[in-house]
Amino acid sequence: MKNRVIYIFLFILSIGLSQAQVSFIAKVSKKTLGINERLRVDFEMNQDGDNFVPPSFAGFNVVGGPNQSISNSWINGKRSYSKTYSYFLSPKKQGTFIIKQASIEIRGEIYKTTPLKVLITAAVSKPKDENDADYIASENVHLVAEVSNATPYLNEAITVIYKLYVSNNVSITRSWREIDSPKYADFWSQNIDNKGKSKIYQGTYEGKPYRYVILRRAILYPQKTGELFIEPLTLDVPIDVQGNTRDIFGRRRMTRVNRTISAGKRTINVKPLPLKGRPDNFSGAVGDFKFNVSTNKTTLNANESLELITKVSGNGNLKLFDLPTITLPSSLEVYEPVRNDNIKTDSKGMRGFISQTYTVIPQYKGNYPIRPITFSYSDIKSNSYKTISSEEIIINVENGPLPNQTTNKTVTKGNNKEVVVANDQFKYIQLAANLKPINQPVFFKSKLFWWLTGAPFLLIPIFILIGNSRRKRLSDVDGKRLRKATKLAKKYLSEAKKNIGKQEAFYEALERALHNYLRAKLDIVTSEFSKEKITTLLSEKSVENEVVSEFIGLLKSCEFARYTPTSNVTIKHDYEKAVSIISSIDKQFTS
């Protein structure tokens, strides 16, 4: 009899130890895969846990997940439990990558998975299964980068248009995600706004009818010759494909798959501008331009100012070259120019004008010619250089001193060159100053003195009122308890508040916050949670039945809202409701 009791005791002890053993492991669908394949990663545990933290998945794009599945069964009186978080990954490049550790909290202990090594090889050929949703999606959605000219000249404008083609056999009902943006190394580039929502066009792709949208346009000006590359635009696109099963009305069910689609790397061969016929004053202007030089007046007196404007207008690389400089007679004083640009960029390139405004001040009476100024540019259409010359401008200074008058001073500069300077050359500058005497007022018995003296006496009643208000606030036990409860509720719900704009993430965080709160208040583990037990425990802690019912209703809302569409207004209402309920429970709770 004694041995029998010992055997029974050992048997019960072995069952308890086996149930207490925690398992948390990571699994991958395959350890070697092609760069065009998908990888599934499962994080599986044999006991319920909280606060799951996945790894960063370096070297992969997450195209699906996390998907959560729970299995709970009893076989021959033995409980079997399994909870799994699944992710679907798309590799970014070839090489060996590590799936790092994930962590989970089970009964107050942190458990971590073992890192897994995955080898990514070159793309592998896949069998063409016309019933496979991935294959159907890849054959019916295409991303294309259309380049207006793959062999431009240096500084010649080219346009890149990114189009997403979708056949009538599939549909896209959710927005895509940009994985890699195009890079334009060695190009001057500017994106062109699509002006509003994407418009759907009808077109053809490889001779078949397709719908397409223009995702973006960019205007490029190559800045060096030779072979240049445009790095591709890459998108993660959710695609709805018709499956082989039908619903009760006979309609085909839709299957959603995520595809990583790239526009492909484009090569641009940039040709140098011809050397034959290149003018000496060519500064890199390429396009079709007009050039002129003008002044706001041609007749004035000495020491008055005029404005001299050089202007280039037309189509071309207006932002990428300098205007020609001007050379004027030494008797005309010239200041640094002010640049003015009015340039618009569209699908045909830059258009508008650039100008420089010089301030010119003549010193002496006389006539001063401004010789013609030349501007040269490369005309791609005619494959030649063109030079434009401005007209000669005569500046007539009517009144003022003559260069040889004795009122002038002669200053000797370097290289024995004499420069004649007029005594009144700065008469246009206003020299009269409006000066006022500075009086230093005496501080004693001033307004500031009396204000600083009386201010402490005025502040005494304010401090008394603040003290009374603080004592009244501290004596308000119920109010203090309510404020403490509200603060505690917001602490537990902080993660949910961060995800208010994301429905699934919000309700996951909200449900986890409610469970963590109950676990802390009731001292029970997550696996013991049931709505009936929660109701019983809260009622035993003197929580009102109405508040308990609202808490249970909120838990149900979390379960349903994660899988049904919900508006942002409902999400905000549920968050505010959670704060109110936790505050009420904490205020009424009796230990």
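Each reported figure results from applying straightforward, stated rules to the coordinates on display, with no laboratory input. Note that the coordinates shown come from a computational prediction; the quantities given were computed from them, not determined experimentally. As a convention, Cβ positions derive from the backbone with ideal geometry for all residues, glycine included, and neighbour counts pool all protein chains shown.
Listing for the model above:
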quantity: Karplus (6.51, -1.76, 1.60) ³J(HN,Hα), θ = phi - 60°, over region 138-147, in Hz, Gly and Pro reported as x; calculated: 5, 8, 10, 10, 9, 10, 10, 10, 9, 9
quantity: Separation in nanometres of the label points that stand 7 Å from Cα toward Cβ, at Val213 and Ser148; calculated: 2.4
quantity: Cα-Cα over 30 Å, subset of Lys27/Lys577; Lys344/Lys381; Lys183/Lys290; Lys521/Lys577; calculated: Lys27/Lys577; Lys183/Lys290
quantity: Whichever aspartates and glutamates have a C-alpha closer than 20 Å to that of Lys117, once near sequence neighbours (fewer than 8 apart) are set aside; calculated: Glu37, Asp42, Glu44
quantity: Environment charge at Lys31 (Cβ cut-off 13 Å; Lys +1, Arg +1, Asp -1, Glu -1); calculated: +3
quantity: Cubic angstrom per residue, convex hull over Cα atoms of region 287-397; calculated: 88
quantity: Sites Ser283 and Ile179 - FRET efficiency at Förster radius 60 Å, r taken between beta-carbons, to 0.05; calculated: 0.90
quantity: Karplus (6.51, -1.76, 1.60) ³J(HN,Hα), θ = phi - 60°, over region 224-232, in Hz, Gly and Pro reported as x; calculated: 8, 8, x, 8, 10, 10, 10, 5, x
quantity: Net charge of Cβ neighbours under 9 Å - reference Val118; Lys, Arg +1; Asp, Glu -1; calculated: +3
quantity: Asn61 long-range amide H proximity, modeled H, under 5 Å; calculated: Ser90, Lys92
quantity: Phi to ³J(HN,Hα) by Karplus 6.51 cos²θ - 1.76 cosθ + 1.60 over region 42-56, Hz, x for Gly, Pro; calculated: 10, 10, 10, 9, 9, 9, 5, x, 10, 6, 5, 10, x, x, 7
quantity: Residue-count net charge about Val547 - beta-carbon cut-off 12 Å; Lys, Arg +1, Asp, Glu -1; calculated: -1
quantity: Spatial separation of Cα centroids for region 323-351 and region 542-559, in angstrom; calculated: 73
quantity: FRET E, pair Trp451, Ile500, Förster distance 56 Å, beta-carbon r, rounded to 0.05; calculated: 0.70
quantity: Segment Asp186-Asn399, length gained on full extension (0.36 nm per residue, minus Cα span); calculated: 71.2 nm
quantity: Distance in nm between pseudo-label sites at Thr327 and Phe560 (7 Å out along the Cβ direction from Cα); calculated: 8.7
quantity: Residues whose placed amide H lies under 5 Å from that of Arg216, excluding near-sequence neighbours; calculated: Tyr162
quantity: Segment Tyr335-Leu465, extension gain: residue separation times 0.36 nm, minus the distance between their alpha carbons; calculated: 40.2 nm
quantity: Linear extension gain, Lys587 paired with Asn194, 0.36 nm per residue minus alpha-carbon span; calculated: 136.0 nm
quantity: Efficiency of FRET between Lys31 and Lys381 - r from beta-carbon atoms, R0 51 angstrom, step 0.05; calculated: 0.30
quantity: Distant-in-sequence amide H partners of Ala285 (H built 1.01 Å from N, under 5 Å); calculated: Ser378
quantity: Pair Thr357, Gln242: separation of 7 Å Cα→Cβ label points (nm); calculated: 6.6
